[in-house]
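Only one structure is covered here, and it is reproduced in the block below.
Quick note: the coordinates plus some simple rules give every number you see, no bench work behind them. Computed from a predicted structure; not experimentally measured. Methodologically, a virtual Cβ is constructed for each residue, glycine included, from the backbone with ideal geometry; neighbour enumeration extends over all protein chains shown.
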Amino acid sequence: MLVLHMILWLNAFISYHTETVMSTTQFSSESRGQYKAKAYAAASAKSPLAPTTIPRRDPGEHDVQIEILFCGICHSDLHQVRNEWSGIPTVYPCVPGHEIVGRVTKVGSAVTKFKPGDLAAVGCLVDSDGNCHECQAGLEQFCPHMTLTYNSPDVHLGGVTYGGYSDSIVVKEHFVLGVPSNLNIAGVAPLLCAGITTYSPMRHWGVTKGKKVGVVGLGGLGHMAVKFAHALGSHVVVFTTSPNKKEDALRLGADDVVISRNTDQMSKHVDSFDFILDAVSAEHDINAYIQLLRRDGNITLVGAPDKPHDVSALSLLFKRRSLSGSLIGGIAETQEMLDFCGKHNITADVEVIPIQKVNEAYERLSSADVKYRFSIDMASLKSQ
Ligand SMILES: [Zn+2]
Ligand SMILES: [Zn+2]
């Protein structure tokens, strides 16, 4: 996840610095009012998150204003807040959060899909140019001019965008998602990053009924992958280094659990998988999983270890196996994922916390002490 988000940021950063002059001219005529929203922000890499107020733009004709009810805590939030991406500075104050769910409070005159009172969600993106090849293909996550939900240049108010650790947000309608009404919304929040990050590659690589699917790593991403693969009708095998995760993996929908350090257990699955999702960000031997793929099988990375993987070309050549990566998903596919979750009653397993416990949650996230995602109850921000 880490490097993927670095690339997202770099893209936004480069576009900003190459187009500052144009943007200033282009958007000055659009300048409009703003209001103050409550938020939690980090003032520096070493500061804990603390209460503050931030500016939000008054909704324009294409905008939707959302009262935020829950916001998930993604690993990227922690890395960005602590400025852990070398050479890519975090702009402070930093308000993280890109797993946002809430209720619409106001819409612009040109908005057609939402009305006040609707449930709505926002993920990792809040804007893109809308006319490049990627946007035309509905793949806004690859747009060279996309705007990330936080720490991306804000063309409306200047400075950078502020994320979901806040009581409200204003987002262009195209980037606002509808939320099925039957789901527990605290558990919906993480679907906006952890959910789409795992759903998108499964759809791309044709995970369906009867396929054999592996999930490497059972954390925030992995636990969503297991739920999706199971709901899509596949035979799901979880690979983990921790034997004590077996019971939970089976509860989440796995058909089998393999302790990845056990070579006997691993060898039983050689040449058998159609698809493997690798969600591990720690260093590990990817060749051990490539050899488990059948002919034309694919392994997709959604975790990004700091050190490059050492990959055996021969194990790819024989059996025409492929290795690829994937990054969140486009807006249309994110909506498809939420609708799929509504139909199959899928949400993330969350531990709900008040915003006042966010710094403690970061410490626990650092040591992987959460099953499987923190979701912040933003009602707690009202009393702040
Ligand atoms: Zn994320
Ligand atoms: Zn674009």
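In the neighborhood of VAL370, defined by Cβ-to-Cβ distances under 14 Å, what is the net charge if each Lys or Arg adds +1 and each Asp or Glu adds -1? Walk me through the numbers on the way to the answer.
Details: positive: LYS245, LYS357, ARG364, LYS371, ARG373; negative: ASP77, GLU99, ASP248, ASP349, GLU351, GLU360, GLU363, ASP369.
Once all neighbours under 14 Å are counted, the net charge is -3.
Averaged over all directions, how much area does the convex hull of the C-alpha atoms of the chain cover when projected, in nm²?
Convex hull of Cα atoms, orientation-averaged projection: 18.4 nm².
Residues of the stretch 124-148 falling in the label zone of GLU61, defined by backbone nitrogen less than 20 Å from a point 7 Å along Cα to beta-carbon, are 127-131. Bridgeable lysines around LYS245 (alpha carbons under 19 Å apart, same-chain partners fewer than 8 residues away excluded): LYS227, LYS371.
Dipole magnitude of the chain about its Cα centre, charges +1 at Lys/Arg Cβ and -1 at Asp/Glu Cβ only, in debye to the nearest 20?
560
Compute the acute angle (0 to 90°) between the alpha-carbon long axis of helix 194-204 and the principal axis of greatest extent of the alpha-carbon atoms of the chain; round to the nearest 10°. Orientation of helix 194-204: about 60 degrees from the principal axis. Dipole orientation for the chain: of the candidates THR198, VAL155, VAL64, THR198 has the Cα lying most toward the positive pole (charges on Cβ; Lys, Arg +1; Asp, Glu -1).
If the chain linking ALA137 and LYS343 were pulled fully straight, counting 0.36 nm for each residue of separation and taking away their Cα-Cα distance, it would gain 71.6 nm.
Compared with the direct C-alpha span, the chain from ALA282 to SER380 gains 31.9 nm at full extension, assuming 0.36 nm per residue. Compute the helix-to-body angle for 2-28: its Cα long axis versus the longest principal axis of the chain, expressed 0 to 90° and rounded to tens. Orientation of helix 2-28: about 30 degrees from the principal axis. Taking label positions 7 Å along the Cα-Cβ direction at both ALA332 and HIS309, the computed distance is 2.8 nm, reported to one decimal.
Put simply, when 302-311, 88-97 are sorted by average Cβ atoms within 10 angstrom per residue, most first, you get 88-97, 302-311. Extension gain for SER272-ARG320 works out to 15.9 nm (0.36 nm per residue, less the C-alpha to C-alpha distance). The order of GLU61, GLU84, GLU351, going from fewest to most other C-beta atoms within 10 Å of their C-beta, is GLU61, GLU84, GLU351.
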